[in-house]
Amino acid sequence: MLPKINPTSTAAWQQLAAHATEMKQVHMRELFRQDPDRFRNYASCITDIVFDYSKNIITDHTLKLLIQLAEECRVKDGIRAMFNGDPINETENRAVLHTALRNYSDRPVYTGGHDIMPQVREVLQQMKNSVLLFTPVNSAAIPGRK
């Protein structure tokens, strides 16, 4: 199961709240003036997707506090549990399986010691087949169409 840590009870949260109050006095133009390389320092690219944080009122200290909050809340443990197929869905007492639905490789995804990818692929194929029934190519399957 996931660690039950209320983020608002952490030291990092208290520090972030104080920092947020301080940052309300900061203007974007001031941040760009202080750091002419702000875009380069607060943006990243993955292929042709750009994540631009430079136009947010954040500083290196903000990022440090956010990382501290993630560490205090043990976010890495939760991510590891999700990728390991641990039962972190407490409502249904099972693995969340988000990674299996997005696994387009031949790598297995285990939960409860079993590779669930054969069942996932089967259900995905069933979904695809259902969608194909109602595409214009097979419009005869839609009531009232020929």
**Asked** Are there any pairs, at least 6 apart or on different chains, whose C-beta atoms fall under 8 Å, with the first in region 99-126 and in contact (Cβ under 8 Å) with a residue 24 or more places away in the chain and surrounded by 14 or more Cβ atoms within 10 Å (Cβ to Cβ) and the second among the acidic types (D, E) and assigned to a strand (DSSP E or B), and if so, which?
**Response** V109/D115
**Message:** Out of the residues in region 21-50 meeting the condition of being part of a strand (DSSP E or B), surrounded by 10 or more Cβ atoms within 10 Å (Cβ to Cβ) and not hydroxyl-bearing (S, T, Y), tell me which one is nearest to the chain's Cα centre (by Cα).
**Reply:** V50
**Prompt:** Within region 61-86, can you find the residues that are in a loop (DSSP other than H, G, I, E, B) and either crowded, with 16+ Cβ neighbours inside 10 Å or modelled with pLDDT under 90 (or both)?
**Reply:** C73, N84, G85, D86
**Request:** State whether the residues of region 35-48 include one that is farther than 30 Å from L2 by Cα, touching a helix residue (DSSP H, G or I) at 6+ places or on another chain (Cβ under 7 Å) and hydrophobic (A, V, I, L, M, F, W, C).
**Result:** no
**Complete:** Restricted to region 108-146 and to residues being of a type in the set (D, E, K, R) and modelled with pLDDT of 90 or more, the residue nearest to A81 (Cα to Cα) is D115
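The values are calculated or read from the model by the stated rules, or taken from the named source; none is laboratory data. Given the structure is predicted, the values throughout are model-derived calculations rather than measurements. With ideal geometry, Cβ positions are generated from the backbone for all residues, glycine too; neighbour counts draw on all protein chains shown.
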